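What follows is a set of notes on a single structure, which appears directly below.
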Amino acid sequence: MVNKRSFHGDLSLLSAVNLFQLIGMASLSGQLKMSCAKNSIYFIFTEGRLNYAFSRQDHKKIGQILLESQLITSDQLKACLADQKTAKKWQKLGSIAVKNGYIQQDNITDIFFTELKVALFEVITWEEGKFTFTDTIPLPNDDIVLDENIEPLVMQALFFIDSGGSTSN
């Protein structure tokens, strides 16, 4: 039996900045779900470092992003989707595109990093909402993930907001 630890709370009592600092300083691993009236955003951490983030609002699949960015063709996307369906072990589409040589791993990590920053910058502005942090199974080693220190990202987000930047779409 897996021993799962979790905690939850209200963002009006514990700000997103303080929550991220807590997770980073305590070197926690798991999933942080943050929700407000308009959106839910998920962050994945390993030992206090950010690996991945995605937003439920306007969330685009990686295939759509790769097509819109003209990093792959529609035929290449179809081939990746076919490989994904026929694989013995399920793989993420981005990993398949890299394995097939259609794109470089840096292309995927750049997309993930941009999505992570957008998600982080958004939740930093939330004054109300709920959060839940839960221990989760670690991400597979063969998965393409980030390994970002949370402190510089939080500082960058705060600087951006303080200088009059907007996080709205």
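Can you tell me which residue in the stretch 23-37 is surrounded by the fewest Cβ atoms within 10 Å (Cβ to Cβ), limited to those that are within 13 Å of L11 (Cβ to Cβ) and out of contact with any Phe, Trp or Tyr (no Cβ under 6 Å at 6 or more places or on another chain)?
Out of the qualifying residues, it is A37.
Checking the structure you have, find out if any residue of the stretch 105-112 is in a helix (DSSP H, G or I), touching a Phe, Trp or Tyr at 6+ places or on another chain (Cβ under 6 Å) and over 24 Å from S15 (Cα atoms).
Checked the stretch 105-112: no residue is in a helix (DSSP H, G or I), touching a Phe, Trp or Tyr at 6+ places or on another chain (Cβ under 6 Å) and over 24 Å from S15 (Cα atoms).
In the list K60, K78, K88, which residue meets the criterion of being surrounded by fewer than 17 Cβ atoms within 10 Å (Cβ to Cβ), modelled with pLDDT of 90 or more and farther than 27 Å from G9 by Cα?
Among K60, K78, K88, only K78 is surrounded by fewer than 17 Cβ atoms within 10 Å (Cβ to Cβ), modelled with pLDDT of 90 or more and farther than 27 Å from G9 by Cα.
Exactly one condition in (1) among the aliphatic types (A, V, I, L, M); (2) in contact with a strand residue (DSSP E or B) (Cβ under 8 Å, 6 or more places away or on another chain); (3) in a helix (DSSP H, G or I) is not met by L66; state its number.
(2)
How many residues does the stretch 92-104 hold that are touching a helix residue (DSSP H, G or I) at 6+ places or on another chain (Cβ under 6 Å) and either free of Cβ contacts under 8 Å to residues at least 24 places away in the same chain or assigned to a helix (DSSP H, G or I) (or both)?
So the answer is 5.
For Q31, which of the numbered conditions (1) in a loop (DSSP other than H, G, I, E, B); (2) under 18 Å from the mean Cα position of the chain (by Cα) fails to hold?
So Q31 meets the others, but not (1).
Identify, please: which residue in the stretch 42-57 is modelled with pLDDT of 85 or more and hydrophobic (A, V, I, L, M, F, W, C) and is, among those, farthest from G30 (Cα to Cα)?
Ranking the candidates gives A53 first.
Looking at L81, L50, can you tell me which residue is assigned to a strand (DSSP E or B), at negative phi and touching a residue at least 12 places away in the same chain (Cβ under 8 Å)?
L50
Report whether or not G9 is under 15 Å from E151 (Cα atoms), touching a Leu at 6+ places or on another chain (Cβ under 9 Å) and either surrounded by fewer than 14 Cβ atoms within 10 Å (Cβ to Cβ) or not aromatic (F, W, Y) (or both).
No: the conditions fail for G9.
The values are calculated or read from the model by the stated rules, or taken from the named source; none is laboratory data. Every value quoted in this text rests on a predicted model; they were computed, and no experiment measured them. Backbone-built Cβ (ideal geometry, glycine too); neighbour counts: all protein chains shown.
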